[in-house]
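These notes concern the structure reproduced below.
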Amino acid sequence: MSTAPQKAKSGAEKLDVKVTAVVPLNELVTRFEFQRRDGELFPPFSGGAHTVVQMVDGDRTRLNPYSLMSDPADRSRYAISVRRDDEGRGGSLFMHRNVKVGDEMVVTYPVNLFSLDLRAKKHLFFAGGIGITPFMAMISQLERTNGNWELHYACRSKALGSYVDELTYKYPNKVHIYYDDQKQAMDLKQLLEGQPLGTNAYVCGPKGMIKWVHATASAAGWPDANVLSEEFMAPEPGAPFEVRLCQSDKTITVGENESLLEAIERAGVDAPYLCRGGSCGQCETDVISADGEFVHRDHWLDDVEHASGKKIMPCVSRFIGKSLELDR
Amino acid sequence: MSKFEFPTSIISRPVYGTLKARSGKHHLMIADAEGAEAILDVATPDLMANSHIIYIPLGTDYADKLRALSPAQFYVGPTYAASVSRIRRVLERSNMGLNIYLSGTEGLMGQAQNEAMQAGFAHSAIQTEHRGSIARRMQCVHCKGITEDVEMDPFVCSHCGLNLFVRDHYSRRWAAYQGVCIDAEDPGNVPASKGIYAQGDEV
Ligand code: FES
């Protein structure tokens, strides 16, 4: 195998890797570490980047994005942490149950849709649960340049607090932990008030937390440009529906547990994608005709576009109705 | 009439909006001359209770009207240069949550925006509203000297004396439009000056 990246169809370029460590952190979260099979160094990345992991599960291939959480300065390995989601579509369960040390896998080059704004005078991180992962890499990156940061991290309980021990040991004055089961809540209003001009806030966690931070900051007079967020979005299961792909002249059925994008790919049609989480815009697809209702879940199209019924982001959005024809 | 509709231009040219009251506990308003009208338009007792106004009248008589709004703090300065140390001090002592409102001439808004950017503001996070004079703060791209209050195009650089063409190319870092020698290839061949926005043959 040459060291040159293979450009295989859509998505970022691919890297052949093997699993070098599988480290259970607690009941729900396991860390997976990869090395390149060709022994080369990984491409560099910046904190907040993600990789798309290809999971070959029998005749089904899943492509799920995960934040890179290893130190960006360590190019010998990539690491991700995966939270088991028993209700999800099976990607995280596959990682937890099937992936073993020594397995060969394929991951993509890193893509960053949640990067640090290095012009900021201070970086204020808000993490909820598994939303800690991008911050692990951002913190390593900032520590090397003596960056000014502070982390506020909400976890369900001590037992489920991934990386809490490591973070509080290394950075006792910068890391603040809040346990839900001990009713420890962030005093967000107060926290936001005391920040120096030029502070950027970053949020990664459940939807409710992201909304809460945006709304509270905005009410406190923070400019929108200073609050950045990444929602962990996975496609949601839903009722099966039929789609006509006009360019490829195919009619496909999107199964309950697969996304529209996955169904298109399963039919052998190459469709563009990058993040597979509704935020990069790469998969935007024109609707030729539709009789029914769209279930838009992306962060890419605006409300007007959503209402127009002219576009869909197949990585996360679905459709309920009689017929849907796409320009693909 | 203190409002002027600037013609649309290249992306470098700043565009100004209309001030709107934002939520938050601290508001810094910096205005010159007719810029006072924009503050009078947006003012409410609630907003004024948390507002610090820094105002440079430039010979107008709006100061008393602004004072009558009873802002939390009110300062009248003779010139921008005389007010800038106060602006810096307010920024130094402020935290996130401070809202900035700039109104009046382009030169004032550009320079105050530059101070705010150095303090950590994104330029897009600063509200602006143009009122009053349409004169520009110009930088000569040749000698780098700044000429204030330029109304005519072309004009003579007040530092090096070159004949400069008024461009819409703007530098946020210098808070100034760029002026470029208009007769470099054919010295002395300088078209007649006209108002910057006057209709007629484009240079
Ligand atoms: S792949 Fe990124 S928005 Fe769909």
If one builds a Gaussian network model of chain A from Cα atoms under 10 Å apart, the most fluctuating residue listed among A:Y202, A:Y109, A:Y179 is A:Y179
Hull volume per residue for the stretch B:27-130, using the convex hull of the C-alpha atoms, in Å³ is 86 Å³
With bins of 5 Å, the percent of all Cα-Cα pairs of the stretch A:122-231 per bin from 0 is 2, 12, 25, 26, 21, 11, 3, 0
Per residue, accessible area of the protein assembly as shown with a 1.4 Å probe, heavy atoms of protein chains only, in Å², comes to 47 Å²
Between the alpha carbon centres of the stretch B:1-33 and the stretch A:175-218 the gap in Å comes to 31 Å
From the Cα centre of the stretch A:88-107 to that of the stretch A:260-307, the distance in Å is 25 Å
Over 21 Å (Cα to Cα) among A:K9/A:K250; A:K122/A:K207; A:K9/A:K100; A:K100/A:K158 -> A:K122/A:K207; A:K9/A:K100; A:K100/A:K158
Length-normalised contact order of chain A, Cα under 8 Å, at least 6 apart, in percent, tallies to 15 percent
Rounded to a whole %, the carbon-and-sulfur portion of the accessible area of chain B at a 1.4 Å probe is 51 percent
Between B:T18 and B:S158, Cβ-based FRET efficiency (R0 45 Å, step 0.05) works out to 0.85
Sorted by chain and then number, the residues having a modelled amide H within less than 5 Å of the amide H of A:S229, at least 5 places away or on another chain, are A:V203
GNM on chain A, Cα springs under 10 Å; top mean-square fluctuation among A:G91, A:G238, A:G268 goes to A:G268
Across all Cα atoms of the protein assembly as shown, Rg and the largest Cα-Cα distance (Dmax), in Å, are 28.3, 82
Which residues qualify? For A:A21, with a placed amide H closer than 5 Å and at least 5 residues away or on another chain, they are A:E33
Output for the stretch B:136-195 (equivalent-ellipsoid semi-axes, sqrt of 5λ from the C-alpha gyration tensor, Å, descending) is 18, 12, 10
Per the Kirkwood formula over distinct C-alpha pairs, the hydrodynamic radius of chain B in angstrom is 17.8 Å
Dividing the mean separation of Cα pairs under 8 Å (6+ apart) by the residue count of the stretch A:187-328 yields a relative contact order in percent of 23 percent
Note: the stretch A:114-183, point scatterers on Cα, Debye, no solvent; log10 I/I(0) at q = 0.17, 0.25, 0.28 Å⁻¹ equals -0.59, -1.17, -1.41
Per principal axis, largest first, the Cα atoms of the stretch A:241-326 extend in Å by 29, 27, 24
The correct pair for the stretch A:173-328, radius of gyration to one decimal and Dmax as a whole number, both in Å and from Cα atoms, is 19.6, 60
The helix A:207-219 Cα axis meets the longest alpha-carbon principal axis of chain A at an angle in degrees, between 0 and 90 and rounded to 10, of 60 degrees
Among beta bridges assigned by DSSP with both residues in the protein assembly as shown, the antiparallel ones amount in percent, to the nearest 5, to 55 percent
Among the stretch B:159-173, those whose backbone N falls under 15 Å of a label point 7 Å along Cα→Cβ from A:A225 are B:171-173
For chain B the mean separation of alpha carbon contacts under 8 Å (6+ apart) over residue count, i.e. relative contact order in percent, is 20 percent
Whole-number value, in Å³ per residue, for the convex hull of the alpha carbons of the stretch A:14-111 is 95 Å³
Straight-line reach check, B:K194, cutoff 25 Å on alpha carbons, 8 or more apart in-chain or any other chain, hits among lysines -> B:K3, B:K144
Taking a straight Cα-to-Cα line shorter than 19 Å from B:K25, and setting aside same-chain lysines fewer than 8 residues away, one finds A:K189
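The values are calculated or read from the model by the stated rules, or taken from the named source; none is laboratory data. Please read all numbers here as calculations on a predicted model, not as lab measurements. All Cβ positions, glycine included, derive from the backbone under ideal geometry; neighbour counts span all protein chains shown. What goes into the accessible areas is simple: the full protein's heavy atoms, side chains included, and nothing from ligands, DNA or RNA. Shrake-Rupley method; radii C 1.70, N 1.55, O 1.52, S 1.80 Å.
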